[in-house]
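The values are calculated or read from the model by the stated rules, or taken from the named source; none is laboratory data. None of the values given here were measured: they were computed from a predicted structure. Reconstructed Cβ throughout: ideal geometry from the backbone, glycine too, with neighbour counts over all protein chains shown. These accessible areas exclude ligands, DNA and RNA; they are computed on the full protein's heavy atoms, side chains included. Shrake-Rupley method; radii C 1.70, N 1.55, O 1.52, S 1.80 Å.
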Amino acid sequence: METFESERAPLPRNMIENSMFEEEPDVVDLAKESPSYPIDSDDAVYEPRSSRLLVRGLGENDLDEDEEDYESSARLLGMSFMNRSSNQRGVASSYTRQQYSGSCSKPSTKTTVVGVLILVLVASMIMVVYFLPGCTFTRKGCKKSNSTMDSIYPISTSGELFPWTELRLPPSVHPVHYNISLHPNLTFMTFQGSVSILVQVLHETKNIVLHSSDLNISKVSFDGKEVHVLEYKPLQQIAIKFPEDLKKGQYVLNIDYTAKLSNSYDGFYNSSYVDTNGTKRVLAATQFEPLAARKAFPCFDEPALKSTFTIKMTRERKYISLSNMPKVKTTDLKNGLQEDEFKESVTMSTYLVAFIVAEFIGVSNNVSNTTVSVYAVPDKKDQVQYALNTSCKLLEFYNAFFDNVYPLSKLDLVAIPDFLAGAMENWGLITFRETTLLVGSNSSSIDKQLVTSVIAHELAHQWFGNLVTMSWWNDLWLNEGFATYMQYMSIETVFPDLDMDTEFLKVRFEALAKDALNSSHPVSTVVSTPEQVEEMFDAVSYEKGASILLMLNATLTDGEFRKGVIEYLQKYNLSNTESEDLWNSLSQVSKQNLNVSEMMNTWTVHKGFPLVTVERKGTLVTLTQEHFLLNAENSTDDSLWHIPLTYVNDSCSFLSSCKQVFHLKDKTATLMLPDQVKWLKFNFRSDGFYIVHYDDEGWKNLIDALKKDVNVLSCKDRAALINNIFALSRSGKVSFREVLNLMEYIRSETDTAPLTEALFQLGQIFRLLDKRSDFDLASRMTSYIDQHFGNLMTNQSWDLESSVSKMTLRSALLEMACSLNIGNCPTQAKHLFDQWLTSNKTSQIPSDLMRTVFRVAAQTDEGWGTLLDTYKTSINDQEKRKTLDGLASTQDLRKIIWILHNSLDGSEIQTQEFPLVINTICKNFAGYLYAWDFLKENWDKITQKFPVGSFAIRSIIMSATSQFSTKTHLTETQNFFSSLGTKGSQMRIVQEAIETIKLNMRWMEKNLNTLQIFL
Ligand SMILES: [Zn+2]
């Protein structure tokens, strides 16, 4: 699966208690109300309750006055929301067993000492039973106190004991083949299903346990005889109990059921769109990874329980149906319906099964023995050709690279109008967002870069993930890290113009930022709850996974990496693996006798990554490694990594041939240098997953060398120096003064990678200063950025551009320039927008500049209204997202409120875009506190749409909280999340959010003086 988070994870560091937050104006609860924002008219229809809020919060001001300072009003509003909401939720009721027991016993006020002792004894006994491995209780469980061992079993929905207690299914029964018949009704949004599972009993057992979720089971038969089924909803399991042991052998289990097509984005779900004639169209599609196949059919829903599948789909004639395998026949049924039957599948995991019923049309082409097709809604049939050509080229590349031809006779790529993830690699039927598959005639190379990237990722999964699958979700990185690495590697080879090298460097920086937090986790992590499975789809599995594979490939020589991969794929064809299996295959081909397993385990078993400190005395260099944590206080971590340390020096520093390697396995080691070496740069091109700190002299020599000639180092090395010194500053190892010293060279910089990294880092600091209302420092930061980047900003062209690298750079520069009002950027953007309007949207705004132009345009009522019309009518999804980004960047609180409500309920704005809306709103002062309030008030609704632990929820939480920096905000964030119980308090992202706020507070405390003196 490809997650869809297009923005760098914010790593702010704000602080400073804002005394204004201590005051609490009396306000009504706007976040609970769904406002009807008058899109076409102005103040006349403004909602009374909102007006009341405005009056009370702002002291009789009316936001609808043109002259109103919306921004300052919003600031006041935001502050009042902040105070009020801190009192709204209690701290109690988190999801712990103790608290369930607590709710059942209310201690008497007249308890005697003896009574207390008895209670303690009884409580102890209950706790013993309670914490027996695998013990789970229903919500009513604590009322049914059983004293026998049976009580460790949970209670099924019928009140009988359920015979299984674990998240993982018992090992005694495996599926062999599924026959699945489905009939979705797209009028009533329901479906009927029938599944016949051929099972193999491996060990004698009295129970068969499998998964089922939200299915109404009407009939179950086992080997032709009707049987009784038990359901235990918390674990999404059903079970059949037998009076006698089932003997080893094969049996057939039949289950008939009905269900609703899901309204969220997983399982068998309904989706809709409005075509260009204004007619609403509906469709049904699936998204099963990781745990939702069980929502479409009862199954053994674990990645290692592979099986074959035969699928039949009943549909109305106007629809087509698609599944993993090619269709073998269509049968006419009564009532004018038709049934499609698909060929028996290859052996695969349940999470890869997929089917779609929709009015799509497709185009096809052949590669080797595979028919590749791209499907979309009919209105967008002109946007599929790029994806078809690209996927054919990439399929050819992978067939050759893996020396293992794609095994199916067809491969469909389908753009789904409402889809949450970026894409999903279902075998033979890959599903995408429209943005990540369709390319319109006005799309730029940057738009193509995104589409190519996602296709390359999903195609790589057809081998890594589909053909060879991780045994359990703890090793998800084997799927995702590999697919991410292959996406960069394949595109660099097949589409070198797309500049994926720079993109991959950015991705490594993202991974380092996430992994430097205490709340991070090892690449291979134990997962024992469904939420933890969802949480594995994160930067560590994807981006760190890809980064450590790059480091390994850069360490191996002579194509050993590819040889090892080929061997691994052949050896584990159609089966499941763990990390160790991959390392062993790579160790076997290594000619330098590198123990790959020993080296790579240090990168997958520990969380985080090392900081290497370089200290030089004459010709002697001392290298020290330690776990790099942004907050290392009280850390006793003595993890050691096997680091394939690379370095160059002043005599030869640019070319790959200059690279020298030293394997640092111990805490410290020394290197002897020749006398004449002036300076050293470690981690050549940032291919290694670690950061480097030099002694004062080391930094000074590097900075002096760059000031003389930036080309002494490659652009990736320069970008890495910038990235590393900002990270060191966040951790408190260097002061911001030293960051500014390095940044002095930036005026001579012209390359995309270092400039975009510098802009990103400075932009983060600016936003934090802005959010704490420190206008003086924020404006000094603006001047600093103007002084260092102003010339480049002014010199950017606003014409069509074809180089991806130039587009990436100019869009970063101009986005920053326009948002900070630097130079003539806003005027130019406005000019381009006006031209576009007067030409009736036929003149082209360069696609990479659209976001900048729309953000400027959205600040007027007229511009915002035009963008909303464009959003509603555009049939180009990439343009649509940029329009939405513009809409959400408005400073007008009424519009912000409208957009939040409408994107969450999906009425005017697709719900899939809610995370984008939150992210964009939170970048600006006007709405970020309101967005946080909205999030709290609507948490239940949000988690009905986006699963707890999912990347969408994580993105929403980080967008809303990562710019907090006060103690008040910290306490409030802690209180809110601890009040959530099963709805989210256990999420790792909550720890990350809290840690980030603490880091923000600390950073400002340490660096505020420096900022005041040197900015
Ligand atoms: Zn993936």
Quiz item: Between the range 246-280 and the range 376-449, what is the C-alpha centre distance in whole Å?
Solution: 23 Å
Quiz item: Which shape class, rounded, prolate or oblate, goes with the range 440-549 when its Cα gyration tensor gives a ≥ b ≥ c as root eigenvalues, a/c under 1.5 marks rounded, and past that a/b bigger than b/c marks prolate?
Solution: prolate
Practice problem: Based on the mean of other Cβ atoms within 10 Å per residue, sort peptides 512-524, 477-489, 613-625, 831-843 so the most packed one is first. | Solution: 477-489, 512-524, 613-625, 831-843
Quiz item: What part of the accessible area of the range 167-282, given as a whole %, is carbon or sulfur when the probe is 1.4 angstrom?
Solution: 48 percent
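Which of the pairs K410/K544; K544/K665; K295/K380 have their Cα atoms more than 24 Å apart in this structure?
Details: K410/K544 32 Å; K544/K665 20 Å; K295/K380 30 Å.
Going by Cα-Cα distance, K410/K544; K295/K380 fall outside the 24 Å limit.
Step through the table entries K681/K733; K506/K591; K219/K312, compare each Cα-Cα distance with 21 Å, and write down the pairs that go over it. The partial results should precede the final answer.
Working: K681/K733 19 Å; K506/K591 32 Å; K219/K312 19 Å.
In this structure, K506/K591 lie more than 21 Å apart at Cα.
Taking the Cα centre of the range 819-916 as origin and charging only Cβ (+1 Lys, Arg; -1 Asp, Glu), how large is the dipole, in debye to the nearest 20?
Working: 10 positive and 12 negative charges, 31 e Å.
The dipole magnitude comes to about 160 debye.
Once you have a ≥ b ≥ c as the square roots of the Cα gyration tensor eigenvalues for the range 322-406, tell me rounded if a/c is under 1.5, and otherwise prolate or oblate according to whether a/b is larger than b/c.
Values: a/c = 2.43, a/b = 1.36, b/c = 1.79.
Taking the square roots of the gyration eigenvalues as a ≥ b ≥ c, the range 322-406 is oblate.
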Quiz item: Taking Cα pairs under 8 Å and at least six residues apart, what relative contact order does the range 220-299 come out at, in percent?
Solution: 21 percent
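Which entries of K617/K716; K895/K923; K882/K945; K225/K329; K448/K806 show an alpha-carbon separation above 19 angstrom in the structure shown? Let's see the in-between values first.
Details: K617/K716 27 Å; K895/K923 15 Å; K882/K945 23 Å; K225/K329 31 Å; K448/K806 15 Å.
Those over the limit are K617/K716; K882/K945; K225/K329.
Run the numbers for D834 and N263: contour at 0.36 nm per residue of separation, minus the present Cα-Cα distance, in nm.
Details: separation 571, 0.36 × 571 = 205.56 nm, distance 3.99 nm.
Result for the pair: 201.6 nm of gain on full extension.
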Quiz prompt | Probe 1.4 Å, accessible area per residue of the range 443-516, Å² | solution = 18 Å²
Quiz item: Separation between the E567 and Q338 pseudo-spin-labels, each 7 Å from Cα along Cα→Cβ, expressed in nm?
Solution: 5.0 nm
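Based on the Cβ-Cβ distance from D223 to T157, what FRET efficiency comes out when R0 is 22 Å, to the nearest 0.05? Provide the component values of the computation, followed by the final result.
Working: r = 25 Å, r/R0 = 1.12.
Efficiency computed from Cβ-Cβ geometry: 0.35.
Per residue, how large is the accessible surface of the range 707-808? Use a 1.4 angstrom probe and give square angstrom. Don't skip to the end; give the middle numbers.
Numbers: 3600 Å² over 102 residues.
Solvent-accessible surface per residue comes out at 35 Å².
Order of 595-602, 155-162, 374-381 by packing, highest average Cβ count within 10 Å first?
Numbers: 595-602: 18.0, 155-162: 15.8, 374-381: 21.4.
Sorting 595-602, 155-162, 374-381 by mean packing, highest first, produces 374-381, 595-602, 155-162.
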Quiz item: Along the charge dipole of the range 492-615, Cβ charges K/R +1 and D/E -1, which of S524, N595, W583 sits furthest on the positive end?
Solution: N595
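For an R0 of 60 angstrom, estimate the FRET efficiency from the Cβ-Cβ distance between T330 and N824 and round to the nearest 0.05.
On the way: r = 62 Å, r/R0 = 1.03.
The value I calculate is 0.45.
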Exercise. Evaluate the range 830-933: find the radius of gyration of its Cα atoms, find its Kirkwood radius, and give the ratio Rg to Rh.
Key: 0.95
Quiz item: For the range 458-498 and the range 709-748, what is the separation of their C-alpha centers, rounded to whole Å?
Solution: 32 Å
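For the peptides 225-232, 269-276, 882-889, what is the packing order when you average, over each peptide's residues, the other Cβ atoms within 10 Å and list the highest mean first? It would help to have the intermediate numbers written out before the result.
Details: 225-232: 15.2, 269-276: 17.0, 882-889: 25.9.
Packing order, densest peptide first, comes out as 882-889, 269-276, 225-232.
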Exercise. For the range 553-684, restrict the atom set to alpha-carbon positions and state the Rg and Dmax in Å.
Key: 17.5, 57
Self-check item: Cross-link reach list, aspartates and glutamates versus K659, counting only Cα pairs under 15 Å and skipping chain neighbours closer than eight places
Solution: D650, D687, D717
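Ignoring ligands, DNA and RNA, please state the percent of accessible area on the range 779-901 from carbon and sulfur, probe 1.4 Å. Write out the running numbers ahead of the final one.
Details: 2120 of 4580 Å².
Reported share for carbon and sulfur atoms: 46 percent.
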Practice problem: Could you size up the charge dipole of the range 875-975 around its Cα centre, putting +1 on the beta carbon of Lys and Arg and -1 on that of Asp and Glu, and report it in debye to the nearest 20? | Solution: 200 debye
Practice problem: Would you mind calculating the relative contact order of the range 154-222 from Cα pairs under 8 angstrom and at least 6 residues apart, reporting the percent as a whole number? | Solution: 29 percent
Self-check item: Heavy-atom accessible area per residue - the range 271-336, 1.4 Å, Å²
Solution: 39 Å²
Quiz prompt | Ratio Rg/Rh, restricted to the range 433-499 and using Cα atoms, in which Rh is the Kirkwood radius | solution = 1.06
Exercise. Grab the beta carbon distance between D704 and Q1012, set R0 = 30 Å, and tell me the FRET efficiency rounded to 0.05.
Key: 0.65
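Keeping the other protein chains in place, figure out the carbon and sulfur percent of the accessible area of the range 415-538, with a 1.4 Å probe. Don't skip to the answer; put the middle values down first.
Details: 1150 of 2380 Å².
Exposed carbon and sulfur together represent 49 percent of the surface.
Report the full-extension gain for the segment N442 to T279: residue separation times 0.36 nm, less the Cα-Cα distance, to one decimal in nm. Numbers along the way, then the final one.
Details: separation 163, 0.36 × 163 = 58.68 nm, distance 2.55 nm.
Stretched fully, the N442-T279 segment lengthens by 56.1 nm.
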Quiz item: Using alpha-carbon pairs under 8 Å, 6+ residues apart, how would you state the relative contact order of the range 510-634 in percent?
Solution: 32 percent
Quiz item: What distance in nm separates the simple spin-label points at T873 and L800, each placed 7 Å from Cα in the Cβ direction?
Solution: 2.2 nm
Quiz prompt | In nm, spacing of pseudo-spin labels at K248 and A669 (7 Å Cα→C-beta vector) | solution = 5.0 nm
Quiz item: Using just the C-alpha positions of the range 753-808 as equal point scatterers, what log10 of I(q)/I(0) does the Debye formula give at each q in 0.18, 0.31 1/Å?
Solution: -0.70, -1.21
